[in-house]
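Working notes, structure below.
The values are calculated or read from the model by the stated rules, or taken from the named source; none is laboratory data. Keep in mind it's a predicted model, so treat the numbers as computed, not measured.
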Amino acid sequence: MGCCYSSDDETPQQRKPLITQPNPDRPLNGTDWSSANQPTARTDEQALLTSILTKTALNIIDVSAADSQGMEQHEYMDTARQYSTKLSLLSNSLSQKKPPPLPSLTSQPHQVLSSDLVPYSDVQQVSKIAAYAYSAISQIKVDAKEELVVQFAIP
């Protein structure tokens, strides 16, 4: 069984399982329980549940009940004012930096979009030129003539 809480300085013998088996002769999954033993099995389950809840309640720390560091209302207001000042400075600096507009290829895009399509032969020619350029670039090889590491003399 797993354990509910452990620390690094505990040995495995000191760790206790979260659920202890009330009767070691019977398995916890209830495969051999008969209908006559169901009331005692239910009380065993209730006892196990109660012990688990008790152990859990002892190990839980209620952080909602913890008092804050004693800040008074005017300290909260000062902090909120500082944050809002910083936020307004950041928002003003971001609003002044507008992104550059997209490049305009034409001043009348509606005419370009409504014009005739580019002939298929032109598209084939551009594709062929692009393939030649790719082939040429992939065949470029650099032959190293000298070492790239050079000693610098410090005067």
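Answer yes if at least one residue in the range 18-29 is at pLDDT 70 or above and hydrophobic (A, V, I, L, M, F, W, C), and no otherwise.
Checked against the condition, which is being at pLDDT 70 or above and hydrophobic (A, V, I, L, M, F, W, C), the range 18-29 yields no hits at all.
Output the residues belonging to the range 109-155 that are outside any helix (DSSP H, G or I), within 46 Å of the chain's Cα centre (by Cα) and at pLDDT 85 or above.
Result: Gln139, Ile140, Lys141.
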